[in-house]
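First the structure, in the form of structure tokens, and then the observations on it.
The values are calculated or read from the model by the stated rules, or taken from the named source; none is laboratory data. Computed from a predicted model, the values in this text were never measured in an experiment. For neighbour counting, all protein chains shown are included, and Cβ atoms are generated from backbone atoms with ideal geometry for every residue, glycine included.
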Amino acid sequence: MLFKQTPRLLNVWTSKLANPAVSSSKGSLSGLGMAVKDVFWTKELPTTAASKMLRSFHPEKDAECVSLARAAGASLLGKTNCDEFGMGSSNRYSDFGPVLHPLSNERLAGGSSGGSAAAVALNECDFALSTDTGGSTRLPASYCGVVGLKPSYGLISRYGMIPYAESLDCVGIMAQEVDTAAKVFNVLSQYDDKDPTSESIELRKAASEAYRRVRDSSDCWRIGLPEELFNHAPSEALSVAIDALIRTGASNGKRVKLYQVSLPSARLALNAYYVLASAEASSSLARYDGMQYGYRSESGSVQDTREEGFGEEVKRRIKLGNYVLSADAFDNYYLNAQRARSAITRDFDRLFRLSNVRSETEASIDGVDVLIHPTAVSGPPLVRSQEEGDYAQDILTTPASLASLPALSVPVGRDSEGFPQGVSVVSQWGCEQAVFEVARELEMLMKEILVA
Amino acid sequence: MHSTRILQNVPKKIKNSKGDSNAASWLSQYRLIIGLEIHAQLNASIKLFSKSKVSNDFSKPNSFVSAFDASVPGTLPILNKEPYWKAIKAAVALNCTVNPSSSFDRKHYFYYDLPQGYQITQQYNPLAHSGAVPFRANIDDTITRDFSVNVQRIQLEQDTGKAYFHSDTATPLVDLNRCGVALIEIVTRPDMQTPSEAVAFVKKLRSILRAIDVCNGNMEEGNLRADVNVNVEGTTDNVTNTVTRTPRVEIKNLNSLKSMTAAINYEYERHAKAIRDGQAHVIHQDTLGWDVQRSQTYKMRSKEDAVDYRYMPDPNLRSVGVTEHQVQEVRNKLETLPDAVRDRLMQEYGLNARDVNVLLMVNEDLSSVGGNSNSNSDSDIVQYFEELARLSQSPQLAVNWVIHELLGQLSQRDVAFSRHVVTVDRMHELLSLIQTNQVTSTAAKKVLGAMLDSDASATATLDQLDLRMLSQDALQDVVQQTVDQLQDESNKAQQGNTKVVRKLIGHAMKLASGKADGSRLEAMLKEKLGLL
């Protein structure tokens, strides 16, 4: 356990089951308690997206990921707090109030899946389902010292997940150990014909086979450190871990080679992300008009309903999204952001020796297996801070989001102020196993360092 | 219901030529330019992206609504094959190039009947483009030139729900049964020059979509809706030959061909007057509506306050690919289109355009009422005619009896045509009796009437009604009786009084009680009187 239970109210849960049903399934998640971010449908508990707009929204079914986890033996404990509709990097903007950091009253858990991260960190659950659109799983995982996986886009069904930006939204997984996250991932990563962006069984197979071929034919791990994502000096803990990895090699006997690589388009990522995510948010949130469900203003007007039902940050992004989609701005903003997104994907493809089975690009023979970079540029966000600064927190996490790649944040020691910090392991599309293997090595090394 | 439609539609002729021919002569020097945007609701059994079935107009409100249709967050669109392939079929039938890959976009606006806050449509990469629908001069009275209407694009999209406003409630009532039903929008080039041509295009489009079982095509029920783009061009200075063209206006949601014609004519005159009076600047690029009561257009919005729809590629939906091979397969399986039927009827059977038009129109009405043209060969009147024409060896006799006598008597009885009302064999037997002079045309109509009420053969009915044409001997008896009964008149006739001959013939016809051919009886009477 990372933290002692404190009586202090962190505002982790939005609702909790008094008597969680114990699953009779003997599946691989049997006996595990699950926290679910309050953007996934659950039969027993409301699904609010931490918004006034959906305070009384009671779906009839479980989201596909919730249903798969339960079928594999996990039991639902409750719903966790988050930024409204997943929009935020600090978990500052929730209709239920912010989620505080488990270590400090002055800090926030990070967002948008702050409740899920805190629930895992406090050992109030065995794993948590979260979402990650531009870093919403990895950032709070880093701040709270837990493992956070953003899988490849299209592997875990989004059916039953309240959308924020649908071309980027991914179901995330949080746990205290890489193995638990991997176990949950293996259960949830299923083709679903209810999700039009769910990737086919063939494509999944092609990606994992491509990875296996490379792994079996090579006697070394090739790890890239993208210089654009290292503009903040890596923490001492990360340096120690990486040094150890190079010195001793991997636990499976493979040598580890480190390369400094370049991802030139990464500097475009943050801007492109906010343009695209806001555009899609303005669209996917257009449905909240108070007509069919959700909050309706006293006057009944759509305008009042949206004015009163949405929080300030959501309204800010909707406005930004509406602007970038307007006829005059579309080419300059939206199309340019799409171009940047393609460039970022191409940049990543050039770095890996694993081929991208979605774009069918050739793998580069002297490429790397995974990339490693710090997850966050700073420690957990301050409760009192310049809100505008929040956007910059996503600067290191958005490239993998835009490129639809798997990325996992694993804790690597503490920063100078004593807060946990994470390092992200990123690999080619569909190569989650590569991510898990490298993350496990880092996890083991960190344990050894701690013991030493 | 079936027959009322037939009663309405057979005699009905859209009075569109009136608008054209009555137009003041000054108007004719201004060129009218018309383009159309047609929304055709596909008659697929399932909505475009949800698992909801498609309701009919009489379904209970909100009884065909899935969570996706109501835009419940967390639901996702899954493209259904049935409406998709119906749209491809329409594209092929309209001679379009089908895009190897098309994609879906969101068109955003807020309205009560649009729960998602956007419509999924195809703005950037539509299903098909560059089609053409050809017209030949004189297919009916209203078309006076050979021309083609080019189809710019066909896009597949979602229909909206319906919002009803009642005077006693502030908020509208919303019915989502129609929400998410598949539509195709067919956008034409401005290739039509008269309201009649626009009407002809809509009718032809409708007959094609009905023939291939893609759209029921009933404008009144809203499953075919037309927006019209109109502007006018005219020479304003005959010396310098300066040509002025008014800005294009769009007239929205015309739900009948009559309204369409009236609205186009109204705008034609308004634009032409403006050019004539040097006031072309008063015409703006506006979106207009049509006020049926007052027979005039009204402004809905101007270009300046046009809605910015904030089009965006739908992040949930991938491009849909179709191979040339698949398109070819659709083409191979396509039903015979109305133009091909028209050609066959005119060339193989030598029918005139008018008779062919009646056959095609009735056929289309019947198949659209039935809903599915394939399963309705019972009501296929063209097929019925062709079988009858082949059996009787006389297409003209066959078409006359099918169109005028059979349909005429059926509509008097308020009964819809089906091949079961009088089988081809029974009808053929009746025509044979006429052809072999065993019954007069007049008597044959009575026989047909009786046949509609029974299953008896034509011959049996003929004998039962005692309407068989009289034999030579019987006719001689009739002539003899006439001369005997009207001795005075006979004598006068023999002396050269021609007037009295008519009376004698009338008397003879009465005695023959419809069972004699008038001219034959006249000849025999005259012979008897020694007048030949």
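Just name the residue that is farthest from the other protein chains (Cβ to nearest Cβ) out of those in region A:53-79 that are within 14 Å of A:Ile162 (Cα to Cα) and outside any loop (DSSP other than H, G, I, E, B).
Only one residue fits best here, namely A:Lys79.
So which strands (runs of 3 or more DSSP E) are wholly in region B:159-265 and hold at least 3 residues that are in contact with a strand residue (DSSP E or B) (Cβ under 6 Å, 6 or more places away or on another chain) and of a type outside the set (D, E, K, R)? Don't jump to the end; show me each part of the working.
Working: elements: B:162-164, B:173-175, B:182-188, B:224-237, B:242-245, B:249-254.
Because the criterion is at least 3 residues that are in contact with a strand residue (DSSP E or B) (Cβ under 6 Å, 6 or more places away or on another chain) and of a type outside the set (D, E, K, R), the strands (runs of 3 or more DSSP E) in region B:159-265 that meet it are B:182-188, B:224-237, B:242-245, B:249-254.
Condition test on B:Phe110, is it in the same structural domain as B:Ile184 (by the TED database) and without any contact (Cβ under 8 Å) to a residue 24 or more places away in the chain? Please lay out each step first, then the result.
Numbers: in the same structural domain as B:Ile184 (by the TED database): yes; without any contact (Cβ under 8 Å) to a residue 24 or more places away in the chain: yes.
Criteria met by B:Phe110.
What residue, of B:Leu337, B:Leu257, B:Leu288, is surrounded by 11 or more Cβ atoms within 10 Å (Cβ to Cβ) and within 30 Å of B:Lys81 (Cα to Cα)?
Only one candidate passes the filter, namely B:Leu337.
Looking for something buried (at least 19 other Cβ atoms within 10 Å of the Cβ) and of a type in the set (S, T, N, Q) - is there at least one such residue anywhere in region A:401-408?
yes
Kindly provide the set of residues from region A:267-304 that are within 13 Å of chain B (Cβ to nearest Cβ), touching a residue at least 40 places away in the same chain (Cβ under 8 Å) and among the polar types (S, T, N, Q), ordered by number.
A:Ser278, A:Ser282, A:Ser283, A:Ser284 - these are the residues of region A:267-304 that are within 13 Å of chain B (Cβ to nearest Cβ), touching a residue at least 40 places away in the same chain (Cβ under 8 Å) and among the polar types (S, T, N, Q).
Name, by its number, the condition in (1) buried (at least 21 other Cβ atoms within 10 Å of the Cβ); (2) at pLDDT 90 or above; (3) under 30 Å from B:Glu522 (Cα atoms) that does not hold for B:Ala389.
B:Ala389 satisfies every listed condition except (3).
Assuming B:Tyr268 fulfils every condition listed in (1) of a type outside the set (A, V, I, L, M); (2) away from chain A (no Cβ under 14 Å); (3) free of Cβ contacts under 8 Å to residues at least 12 places away in the same chain apart from one, which condition is it?
(3)
For region B:77-104, what are the residues that are surrounded by 22 or more Cβ atoms within 10 Å (Cβ to Cβ) and within 14 Å of another protein chain (Cβ to nearest Cβ)?
Across region B:77-104, the qualifying residue is only B:Phe104.
On the basis of being under 29 Å from A:Asn91 (Cα atoms), away from chain B (no Cβ under 14 Å) and among the polar types (S, T, N, Q), does A:Ser385 make the cut?
yes
Does A:Gly97 count as among the small types (Gly, Ala, Ser), under 30 Å from A:Lys315 (Cβ atoms), surrounded by fewer than 16 Cβ atoms within 10 Å (Cβ to Cβ) and within 22 Å of the chain's Cα centre (by Cα)?
The answer is yes for A:Gly97.
Name the pairs: first residue in region A:166-181 and within 14 Å of chain B (Cβ to nearest Cβ), second residue among the aromatic types (Phe, Trp, Tyr), Cβ to Cβ under 6 Å, at least 6 apart or on different chains?
A:Cys170/A:Tyr153
Can you tell me which residue in region B:419-441 is surrounded by the fewest Cβ atoms within 10 Å (Cβ to Cβ), limited to those that are under 18 Å from B:Ser471 (Cα atoms) and of a type outside the set (Val, Ile, Thr)?
B:Asn437
So that you can scan it fast, the table gives a plain yes or no per residue for (1) part of a helix (DSSP H, G or I); (2) crowded, with 24+ Cβ neighbours inside 10 Å:
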{"position": "A:Ser136", "(1), (2)": "no, yes"}
{"position": "A:Gly172", "(1), (2)": "no, yes"}
{"position": "A:Thr180", "(1), (2)": "yes, no"}
{"position": "A:Gln190", "(1), (2)": "no, no"}
{"position": "A:Ser198", "(1), (2)": "no, no"}
{"position": "A:Ala206", "(1), (2)": "yes, no"}
{"position": "A:Ala210", "(1), (2)": "yes, no"}
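Answer yes if at least one residue in region B:287-303 is of a type outside the set (Val, Ile, Thr), in a helix (DSSP H, G or I) and under 30 Å from B:Ser207 (Cβ atoms), and no otherwise.
no
B:Pro126 passes all but one of (1) buried (at least 20 other Cβ atoms within 10 Å of the Cβ); (2) in a strand (DSSP E or B); which number fails?
Every listed condition holds for B:Pro126 apart from (2).
Taking helices (runs of 4 or more DSSP H) that fall entirely within region B:405-495, which contain at least 3 residues that are over 31 Å from the mean Cα position of the chain (by Cα) and either more than 30 Å from B:Asn363 (Cβ to Cβ) or basic (Lys, Arg) (or both)?
Of the helices (runs of 4 or more DSSP H) lying wholly inside region B:405-495, those with at least 3 residues that are over 31 Å from the mean Cα position of the chain (by Cα) and either more than 30 Å from B:Asn363 (Cβ to Cβ) or basic (Lys, Arg) (or both) span B:458-464, B:472-485, B:487-494.
If I filter region A:322-335 for residues that are within 22 Å of the chain's Cα centre (by Cα), surrounded by 19 or more Cβ atoms within 10 Å (Cβ to Cβ), within 14 Å of chain B (Cβ to nearest Cβ) and at pLDDT 95 or above, do I get at least one hit?
There is no residue in region A:322-335 that is within 22 Å of the chain's Cα centre (by Cα), surrounded by 19 or more Cβ atoms within 10 Å (Cβ to Cβ), within 14 Å of chain B (Cβ to nearest Cβ) and at pLDDT 95 or above.
With the structure loaded, tell me whether B:Ile275 is part of a helix (DSSP H, G or I), of a type in the set (Val, Ile, Thr) and either modelled with pLDDT under 95 or more than 30 Å from B:Leu183 (Cβ to Cβ) (or both) or whether it fails that test.
Here the answer is yes, as B:Ile275 does meet what is asked.
Keeping to region A:7-45, report how many residues are within 14 Å of chain B (Cβ to nearest Cβ), closer than 18 Å to A:Gly111 by Cα and not in a strand (DSSP E or B).
The qualifying residues number 2.
Of the residues that make up region A:317-325, is at least one touching a residue at least 60 places away in the same chain (Cβ under 8 Å) and assigned to a helix (DSSP H, G or I)?
yes
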